[in-house]
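Right, one structure below, let's go through it.
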Amino acid sequence: MKKIFITGSAGQLGQALIKLFKSRYEIISTSRSTYNKTDYFLDITDPILTKDLIATISPDIIINLAALTDVDLCEKKPELANSINFHGVQNLVNSFNGPIIHLSTDYVFDGAKGQYSEEDAANPINEYGRTKLEGEQYLAKNSNDSLIIRTNVLYDYASNFNASFLNWIVHSLNDEKVINVVDDQINNPTWTMSLAIVIDRAIQTELNGFIHWGDADWISRYEFALKIAESFNLKKDLIEPIKTAELKQTALRPLKGGLSTIYAEKILNLEPPKIEHCLNQLKK
Ligand SMILES: NC(=O)c1ccc[n+]([C@@H]2O[C@H](COP(=O)([O-])OP(=O)(O)OC[C@H]3O[C@@H](n4cnc5c(N)ncnc54)[C@H](OP(=O)(O)O)[C@@H]3O)[C@@H](O)[C@H]2O)c1
């Protein structure tokens, strides 16, 4: 059984991976502030701790989910974003000779013309995208057998995930709150379990290089919010469309984002699921 070491494993993708992987692999889960829920404490910005823990565990594969994912916080604190999203990756690469599966984002693109393929040139417009791109580049340059998986708008349903768009919609509508959701940011939202299946298949096939993964529907956040409301029997008329510029957020957002999955579908023999299917599955 392969020994898989997961960083940032208490996050939303980490929880889906653990659910899918627990009968297939030996999992070593690590996390920083929620380390009591995982096997070990690990802050990937600490090079000595990272090196020592990886040497002690001696895993077959590392999956790096640890990241500063709050896009506006990255803009406000670029050094912090850099220390986690770039130097953290550097510390992992410098501590381990085996394959690393690293998660990245469609925010490495500028959002002028999504859906993006693996061949498209990156051009980030905010600190989150810039620091995630630097992490990718360091890994790609220094590790031949590693895999970078770019994804977008990850969602799942559990009350403890800050990064989930779905949680925000469901909780707000449950509380009968009117919410403004942007109708000019377009992506292909991705259920964490859909991505966990991709990561599993990538491990089985020992895939390396770059792949893009997102689910089947390329839609605006507003349209996604309507689909969530419909699926959870919540009031759609509480959702109002708004333009990104009106929100005056700290960080710029790529507008036409999202990822083309043609290459990943072919190489992994998988098909991205439809949103309605994913929402029905996760409600179960
Ligand atoms: N969420 C999305 O929509 C999305 C889209 C595209 C790509 N991605 C990428 O997918 C990956 C997983 O995302 P996710 O949605 O699961 O994010 P998440 O729920 O925010 O989880 C990320 C985890 O990283 C941990 N972390 C942060 N700083 C750390 C550090 N210095 N050392 C160790 N752990 C640290 C956090 O744990 P603590 O706070 O407990 O330390 C958190 O649990 C990330 O690489 C992200 O960039 C996410």
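Test of understanding: among 49, 20, 65, which residue is in contact (Cβ under 8 Å) with a residue 40 or more places away in the chain and in contact with an Asp or Glu (Cβ under 8 Å, 6 or more places away or on another chain)?
The conditions single out 20.
If you go through the range 42-85, how many residues are away from the ligand (no atom under 11 Å from the Cβ), out of contact with any strand residue (DSSP E or B) (no Cβ under 6 Å at 6 or more places or on another chain), in a loop (DSSP other than H, G, I, E, B) and under 22 Å from residue 18 (Cβ atoms)?
Of the residues in that region, 1 qualify.
Just a yes or no: is a residue in the range 169-178 over 16 Å from residue 149 (Cβ atoms) and under 19 Å from the mean Cα position of the chain (by Cα)? First the steps, then the outcome.
So the first thing to find is which residues in the range 169-178 are over 16 Å from residue 149 (Cβ atoms), and the list is 169-178.
In the following step, the residues that additionally are under 19 Å from the mean Cα position of the chain (by Cα) were identified as 169.
Scanning the range 169-178, I find at least one residue that is over 16 Å from residue 149 (Cβ atoms) and under 19 Å from the mean Cα position of the chain (by Cα), so the answer is yes.
Just to be sure, is residue 98 part of a loop (DSSP other than H, G, I, E, B), touching a strand residue (DSSP E or B) at 6+ places or on another chain (Cβ under 9 Å) and crowded, with 21+ Cβ neighbours inside 10 Å?
No; evaluated as a whole, the condition is false for this residue.
At least 1 residues that are within 16 Å of residue 253 (Cα to Cα) in each: list the strands (runs of 3 or more DSSP E) lying fully within the range 120-231 that qualify.
Hits in the range 120-231: 147-151, 179-182.
Inspect the range 8-29 for any residue being within 6 Å of the ligand (Cβ to nearest atom), part of a strand (DSSP E or B) and not β-branched (Val, Ile, Thr) and give the result as yes or no.
No: zero hits.
Out of the residues in the range 103-115 that are assigned to a loop (DSSP other than H, G, I, E, B) and out of contact with any Ser or Thr (no Cβ under 8 Å at 6 or more places or on another chain), state the one that is farthest from residue 209 (Cα to Cα).
Taking the range 103-115 first, the residues assigned to a loop (DSSP other than H, G, I, E, B) are 109-115.
Adding the requirement that they be out of contact with any Ser or Thr (no Cβ under 8 Å at 6 or more places or on another chain) leaves 109-114.
On the way: 109: 18, 110: 22, 111: 23, 112: 24, 113: 23, 114: 21 Å.
Going through the qualifying residues, I end up with 112.
Yes or no: residue 201 out of contact with any strand residue (DSSP E or B) (no Cβ under 8 Å at 6 or more places or on another chain), of a type in the set (Lys, Arg) and surrounded by 14 or more Cβ atoms within 10 Å (Cβ to Cβ)?
Working: out of contact with any strand residue (DSSP E or B) (no Cβ under 8 Å at 6 or more places or on another chain): yes; of a type in the set (Lys, Arg): yes; surrounded by 14 or more Cβ atoms within 10 Å (Cβ to Cβ): yes.
Yes.
Per-residue answers, yes or no, for (1) over 30 Å from residue 200 (Cβ atoms); (2) in contact with a His (Cβ under 7 Å, 6 or more places away or on another chain):
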position: 249; (1), (2): yes, no
position: 252; (1), (2): yes, no
position: 259; (1), (2): no, yes
position: 274; (1), (2): no, no
position: 279; (1), (2): no, no
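Which of the residues belonging to the range 73-102 are farther than 23 Å from residue 209 by Cα, touching a residue at least 60 places away in the same chain (Cβ under 8 Å) and more than 16 Å from the chain's Cα centre (by Cα)?
75, 76
Could you tell me which residue of the range 211-260 is nearest to residue 278 (Cα to Cα), considering only residues that are touching a residue at least 60 places away in the same chain (Cβ under 8 Å) and among the β-branched types (Val, Ile, Thr)?
The qualifying residue nearest to residue 278 (Cα to Cα) is 228.
From the list 71, 89, exactly one residue is of a type outside the set (Asp, Glu), in contact with a Gly (Cβ under 7 Å, 6 or more places away or on another chain) and either modelled with pLDDT under 95 or buried (at least 16 other Cβ atoms within 10 Å of the Cβ) (or both). Which is it?
Values: 71 fails: in contact with a Gly (Cβ under 7 Å, 6 or more places away or on another chain).
The match here is 89.
The values are calculated or read from the model by the stated rules, or taken from the named source; none is laboratory data. Please read these numbers as outputs of a predicted model, since none were measured by experiment. We place every Cβ from the backbone using ideal geometry, glycine too, and count neighbours over all the protein chains shown.
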